[in-house]
Amino acid sequence: MKKVGIIMGSDSDLPIVKKATDMLSTLDIPFEVHVYSAHRTPVEASEFAKNARERGFGVLIAAAGMAAHLAGAIAANTTLPVIGIPCKGGMMDGLDALLSTVQMPTGIPVATVALNGAANAALLAAQIIAVEDADLAAKLDAKRKSDAAVVLEKDKGILD
Ligand code: RP5
C-alpha cells in the first residue's frame, strides 16, 4: 500500500496532526511524520517532496499555521496529491493560515481542508489511496456506515 507523508511546520502543530495519525492508524495505512518548515528548513521540506514518489508515498499532508506556505511549497516540488491543513492560532486565529493554504496559483493545486481539519485530511488521503485499493475502499465504506449508525442512534427519541 502507498504511504501517506505528513509534514508539519512546527512541533507545536503536533496536537492537531495527531488526529490525522490516529485516523491513519485506525485504517491501517502506513505513514511517516516530519517537522519541516517552508521558512525555517526550506531545503529539507523541498527535498522530502521531491523524493516522496520514489520513496513509496501516494499522498502528502502538510499542516501549518500563520503564514502557512508549507502545503504550497511541498506541492511545488511534487505531482503527488497534496492536502493542506491550515492550523488555528496566531494573530488572526487561523484565517491567515486558511488563506495562505487555499489560495494557490493555477498549476500548483493544494486540496485544503477546514481549519485544524486533520481527521478529514487523513480520510481524504485514505480515499485517494483507495482509488487503487479495493480493501481500503471497503474499509472506508464500512466506516461511513458505522458513523451513520452512531448518528441515527442519537436521533432515536432525541426530544423524548
Ligand atoms: C508555523 O508557525 C507552524 O506551522 C506553526 O503553526 C506556527 C508557529 O510555529 P512555532 O513558533 O510554534 O514553531 O510555521
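Every read-out reported here was derived from the displayed coordinates using simple, explicitly stated rules and does not represent laboratory data. Model, not experiment: these values are computed from the prediction. Note that we place each Cβ from the backbone using ideal geometry, even for glycine, and neighbour counts take in every protein chain shown.
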Most exposed first, judged by fewest Cβ atoms within 10 angstrom, Val33, Val150 run Val150, Val33
Going from the fewest other Cβ atoms within 10 Å to the most, one would list Asp13, Asp133 as Asp133, Asp13
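May I ask for the longest run of the chain untouched by trypsin sites (Lys or Arg not before Pro) that are loop-located per DSSP and have at most 11 neighbouring C-beta atoms (other than their own) within 10 Å?
Working: sites that count: Arg40, Arg55, Lys156.
Between exposed loop sites, the widest span is 56-155.
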Given unit charges at Cβ for Lys, Arg (+) and Asp, Glu (-), the dipole magnitude of the chain about its Cα centre in debye, nearest 20, is 120
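Could you give the length gained on full extension between Lys156 and Asp135, defined as 0.36 nm per residue of separation minus the Cα-Cα distance, in nm? The partial results should precede the final answer.
On the way: separation 21, 0.36 × 21 = 7.56 nm, distance 3.20 nm.
In short, 4.4 nm is gained.
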Taking segment 1-143, the lysine pairs whose C-alpha atoms sit under 27 Å apart (8 or more places apart or on different chains) add up to 19
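Explain nothing, just the number: relative contact order of segment 39-160, from Cα pairs under 8 Å at least 6 residues apart, as a whole percent. All intermediate terms of the calculation are to be shown ahead of the outcome.
Details: 167 pairs, mean separation 24.7, N = 122.
Reported relative contact order: 20 percent.
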Placing each pseudo-label 7 Å from Cα in the direction of the beta carbon, Arg53 and Ala149 end up separated by a distance in nanometres of 4.1
The residues Leu24, Leu98, sorted from fewest to most surrounding Cβ atoms within 10 Å, come out as Leu98, Leu24
Contour minus Cα-Cα span, His39 to Thr79, at 0.36 nm per residue, comes to 12.3 nm
Sorting Leu27, Ser12, Gln103 by the position of each Cα along the dipole of segment 3-133 (Lys, Arg +1; Asp, Glu -1; all at Cβ), the one nearest the positive end of that ordering is Gln103
Nearest 10, in degrees from 0 to 90: the angle of helix 14-26 to the longest Cα principal axis of the chain is 50
In degrees rounded to 10, the 0-90 angle between helix 118-130 Cα long axis and the longest Cα principal axis of the chain is 90
